[in-house]
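In what follows, a structure is listed as structure tokens, so that the remarks can point back to it.
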Amino acid sequence: MEGTVLWWLASVIGCLPLLLWLLWSWNEIRFLVPLKARMGDTKIPPGHMGLPVLGELLNFLWYFKIVGRPDDFIISKQERYGAGVGMYRTHLFGSPSIIGCSSAFNKFVLQNDNLFPVRWPAPDLVGQKSLVLLNGKAHARLRSYVSNAINKPNALKKIAKLVQPRIVASLRSWAEKGQIRGIEETRKVTFENIGKMFANLEPGPVLDELNRCFAGFMKGVRAQPINLPGTAYHHALQCRKKLMVIFRAELEKKKENGSEDDNDLMDGLMRIKDEHRETLCDDEVLDNIVSLVLAGFESTSLASMWALYYLAKYPDVLQKLREENNAVSNKKRGNFITSEDLAKLKYTNKVVEETLRMANIAAFTFRLVSEDTEYKGHMLPKGWKVLVWFRCMHNDPNNFDNPMCFNPDRWNQPPKPGTYQVFGGGVRICAGDNLARLQLAIYLHHLATGFK
């Protein structure tokens, strides 16, 4: 009996290294062996695909969530496999993937929308007719309208007047409270302004309910698309239903009022026409309002919060900001600054760019490889995802000297081409990049001139 036990124990111990090797190599075998059979000696980007099912998710969460050093996730790959052509194979978020770290490779992906179509966020969340997912002429037409409505000089001139009363009022309320939680307060004021710009909504119960729904919606956008009760994705789908009900009610009110003026973005979307003189259907309007509110709200509120943090941490920057804005404030008429005056605030605009660079609102984005594609001798297999990793470019000392130091003066010179992509690139570059810059500059102006 004792001999049998020892035999089994020895067998288990003897097989353990093989089992561990199989566990460690399973994804490599599963995905790379068929590729080698199909493509021969074609090189795949270096890297490792982690454990079965999970891939490198545990490693990713370790750096992002536990030790709080997200850049080390990429640095560990660079140290192990070298810089190479700036891409690494992995398995993340349920799919074999290529991580893009170099400006040249990321530019290649972003400028070839046909080879690397968008596959995130999930269509069930943002809607099939959302600007995020449209392609070709439909995308170009809708993007052109949105850009003209919120991102061009005439639009920004009106928006500058519209957003300032709420920004000033919120700063005064912060001063009265004495102590605030920055992310909550910046989200509140940003959402009020976005609600007004995009759907002519005023603060009140409807806007409060929208804010709650968008909070749950955003968590699902960043989650695995598993539609089971209790998951963030399932909750986000429920939030989307509520959002559609609320916005549909607002849309019906606009139809009943019959105004011919484009008072907000929803009014304009209701009237935009395609090449056949057809207007968008209600669901198309609503899909785009939901996705555009989400994009405008999340990016601006986070950037504002980080600006508050960096100005508190770097008092010399705040002092320079205050001196420049006080000089303009003494000359302006009334309480509010114009978009033309904001354009003249050179140092303020440097602070805006440095905040956006360091905040890294979108650390990375997802694309799908639609067909086998070669890049500098390496094959990107069809069906794999590409993670365009913006963050590593903005925090790379080869691109920005002493990148973790908040230094607006680095913007005295333009960055190296392709190294600054906070708003993406190619035909899908953010349609509201100037709107985000404008709101952040206004916020900085009033914060520097009126408050400590």
So, first residue in a helix (DSSP H, G or I) in segment 28-40, second residue of a type in the set (D, E, K, R) and open to solvent by less than 40 Å² (accessible area, probe 1.4 Å), Cβ within less than 8 Å, six or more apart or across chains; the pairs are none
Hey, could you check segment 364-380 for residues that are touching a Leu at 6+ places or on another chain (Cβ under 7 Å) and not in a loop (DSSP other than H, G, I, E, B) and say which is nearest to Ala307 (Cα to Cα)? Phe366
Subset of segment 74-99, residues buried (at least 22 other Cβ atoms within 10 Å of the Cβ) and either among the basic types (Lys, Arg) or in a helix (DSSP H, G or I) (or both), comes to Lys77, Arg89
Number of positions in segment 205-235 that are part of a helix (DSSP H, G or I) and either open to solvent by less than 70 Å² (accessible area, probe 1.4 Å) or touching a Phe, Trp or Tyr at 6+ places or on another chain (Cβ under 7 Å) (or both): 16
Hey, can you tell me all the residues within segment 100-145 that are aliphatic (A, V, I, L, M), closer than 25 Å to Gly84 by Cβ, part of a helix (DSSP H, G or I) and over 16 Å from the mean Cα position of the chain (by Cα)? Ala104, Val109
Can you name every residue in segment 44-69 that is part of a loop (DSSP other than H, G, I, E, B) and surrounded by fewer than 17 Cβ atoms within 10 Å (Cβ to Cβ)? Pro46, Pro52, Val53, Leu54, Val67, Gly68, Arg69
Just to be sure before I move on: is Ala223 of a type in the set (A, V, I, L, M), at pLDDT below 85 and touching a helix residue (DSSP H, G or I) at 6+ places or on another chain (Cβ under 6 Å) in the structure I sent? yes
Taking first residues from segment 236-255 that are surrounded by 12 or more Cβ atoms within 10 Å (Cβ to Cβ) and second residues anywhere that are part of a helix (DSSP H, G or I) and among the aromatic types (Phe, Trp, Tyr), the pairs with Cβ under 8 Å that are 6 or more apart or on different chains are Ala236/Phe217; Cys239/Phe214; Cys239/Phe217; Arg240/Phe217; Leu243/Phe214; Leu243/Phe217
Go through (1) over 30 Å from Gly94 (Cβ atoms); (2) modelled with pLDDT of 85 or more; (3) open to solvent by less than 40 Å² (accessible area, probe 1.4 Å) one by one and return the number of the condition Gly268 breaks. (2)
Does Leu302 satisfy the condition of being aliphatic (A, V, I, L, M), at pLDDT below 95 and either farther than 26 Å from Ile150 by Cα or open to solvent by less than 40 Å² (accessible area, probe 1.4 Å) (or both)? yes
Conditions (1) polar (S, T, N, Q); (2) under 24 Å from His446 (Cα atoms); (3) part of a helix (DSSP H, G or I); (4) open to solvent by 20 Å² or more (accessible area, probe 1.4 Å); number of the one not met by Gln164: (4)
Could you tell me whether segment 401-419 includes any residue that is modelled with pLDDT of 90 or more, over 22 Å from the mean Cα position of the chain (by Cα) and of a type in the set (A, V, I, L, M)? no
What single numbered condition from (1) touching a Pro at 6+ places or on another chain (Cβ under 8 Å); (2) free of Cβ contacts under 8 Å to residues at least 24 places away in the same chain; (3) not polar (S, T, N, Q) fails to hold for Asp316? (1)
Quick one: which residue in Val126, Val189, Val118 is of a type outside the set (S, T, N, Q) and touching a strand residue (DSSP E or B) at 6+ places or on another chain (Cβ under 9 Å)? Val118
Pick from Ser144, Ser170: which is free of Cβ contacts under 8 Å to residues at least 24 places away in the same chain, under 27 Å from Glu340 (Cβ atoms) and in contact with a Lys or Arg (Cβ under 9 Å, 6 or more places away or on another chain)? Ser170
I'd like the full set of residues that are of a type in the set (Asp, Glu) and touching a helix residue (DSSP H, G or I) at 6+ places or on another chain (Cβ under 8 Å), limited to segment 41-92. Asp71, Asp72
Across segment 417-450, which residue is most open to solvent (accessible area, probe 1.4 Å) among those that are part of a helix (DSSP H, G or I) and farther than 29 Å from Ala327 by Cα? Val427
What is the residue count in segment 174-204 for residues that are open to solvent by less than 60 Å² (accessible area, probe 1.4 Å), more than 27 Å from Val146 (Cα to Cα) and assigned to a loop (DSSP other than H, G, I, E, B)? 1
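The values are calculated or read from the model by the stated rules, or taken from the named source; none is laboratory data. Since we're looking at a predicted model, the values are computed, not measured. Glycine gets a Cβ as well: all are built from the backbone with ideal geometry, and neighbour counts include every protein chain shown. Keep in mind that these areas ignore ligands, DNA and RNA; they rest on the heavy atoms of the full protein, side chains included. Shrake-Rupley method; radii C 1.70, N 1.55, O 1.52, S 1.80 Å.
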